[in-house]
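Here is the structure we will look at, set down as structure tokens.
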Amino acid sequence: LIFTRKIGLKSICLTTNGDKVAVACMKGSGYKIHIVDVNTQEEIQESEKKQHAVCRYSSWSNKGDIVACARGNSTISLWNTQLDTYASLPGHREFAVCLGFSPDDTALVSGAFDNCVAVWDIERESCVYSYTGHSNMISAVLFHPSEPIIASTSWDKSIAFTDSRTGEEIGKIETAHENFVKAADFSLDGDLFTGGNDEQIKRWDMRKMSCTDAFLAGGPIGHITCTQNGKLIAATKRVVSIKAWDAHTLTLDWVIDKIPTVRIKNTVIAKDGNTIIIGNESETYDIYHYTATRFRKTKNAANCVKPHRP
């Protein structure tokens, strides 16, 4: 761990290469976003505009210029950090809980408590279409890395695949997990991995709409990231641990199971696999940075956290 900060933490997100973290902090009845350089631990930018309503989830564009925040008043805010401009996307009936940018950053997908998936044109600041095929709140939304497909998961245990251009449903898996589906991500090869409250991680074939692999992760899944170097990294809840598998062979590569933290509130993992941000229920956040065989912590902790081989 290289940095610990105690704040009114509500949401955190990382750039693709893990060099900057955007932190949404409570400021009275609203919030502001602080951008911190991961390597120097210095705050380098702060949003000038105070947003009203709590920021419940945030996501950074692939180019690293826009931070999207799902707000508690059912709107989504966009902050262009380079131009320092702001936009608001109203449309959901209840607040959004997950966001994802398209690979070219021209569109944003959101999932909300209203069981609805919405796709937004960022330049026009308008909703392109909505998908209403789920019967419970949406837990994860994401664009396919190379095909015009959006995957969405829900507390109704299902996974839906829609055409990102038209909103037409391509296929649906009604009971993907025994309990609600909590997290999902596409690998660079286009495989979809999902994690559920049933402690399972599954790999899915979209064309056959079937599960090709499934295994227990040792706890309810809170977060999944498929990294650019071919790793599948998952964070489990209750039992605080982070594990990495080879995304092709599903061989367990390393485990961190002695994280000096209280219960995890949210976890984000950079696509390069080298930076992990853990947000705690005490409204603090910790930055772990992977160097050689260690995730370093140089502030507020005496020891390094070393991943051990299974």
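The values are calculated or read from the model by the stated rules, or taken from the named source; none is laboratory data. This structure is a prediction, so every number in the text was calculated from the model and none was measured. Glycine also receives a Cβ, built like all others from the backbone with ideal geometry; neighbour counts cover every protein chain displayed. Keep in mind that these areas ignore ligands, DNA and RNA; they rest on the heavy atoms of the full protein, side chains included. Shrake-Rupley method; radii C 1.70, N 1.55, O 1.52, S 1.80 Å.
Scanning region 144-159 for residues that are hydroxyl-bearing (Ser, Thr, Tyr) and either without any contact (Cβ under 8 Å) to a residue 24 or more places away in the chain or surrounded by 21 or more Cβ atoms within 10 Å (Cβ to Cβ) (or both) turns up Ser152, Thr153, Ser154.
Quick check: is even one residue across region 160-174 within 18 Å of the chain's Cα centre (by Cα), touching a residue at least 12 places away in the same chain (Cβ under 8 Å), under 18 Å from Asp205 (Cβ atoms) and not in a strand (DSSP E or B)? The answer is no, given that none of the residues of region 160-174 is within 18 Å of the chain's Cα centre (by Cα), touching a residue at least 12 places away in the same chain (Cβ under 8 Å), under 18 Å from Asp205 (Cβ atoms) and not in a strand (DSSP E or B). Of all positions in region 110-128, none carries a residue that is within 22 Å of His223 (Cα to Cα), open to solvent by 20 Å² or more (accessible area, probe 1.4 Å) and acidic (Asp, Glu).
Of the candidates Gln51, Gln82, the single residue that is at pLDDT 90 or above and open to solvent by 10 Å² or more (accessible area, probe 1.4 Å) is Gln82. Listed here are the strands (runs of 3 or more DSSP E) enclosed by region 42-128 that have at least 1 residues being over 28 Å from Ile159 (Cα atoms): 43-46, 75-80, 85-90.
Restricting Val181, Val141, Val109 to residues that are out of contact with any Phe, Trp or Tyr (no Cβ under 8 Å at 6 or more places or on another chain) and in contact (Cβ under 8 Å) with a residue 24 or more places away in the chain narrows the list to Val141. For region 218-236, a residue qualifies if it is of a type in the set (Val, Ile, Thr) and within 16 Å of Asp253 (Cβ to Cβ), and the qualifying residues are Ile224, Thr225, Thr227, Ile233, Thr236. Restricting attention to region 225-242, the residues that are closer than 16 Å to Thr275 by Cβ and in contact with a Leu (Cβ under 9 Å, 6 or more places away or on another chain) total 4. His248 meets the conditions (1) modelled with pLDDT of 90 or more; (2) open to solvent by less than 30 Å² (accessible area, probe 1.4 Å); (3) not hydroxyl-bearing (Ser, Thr, Tyr) in every case but one. The failed one is (2).
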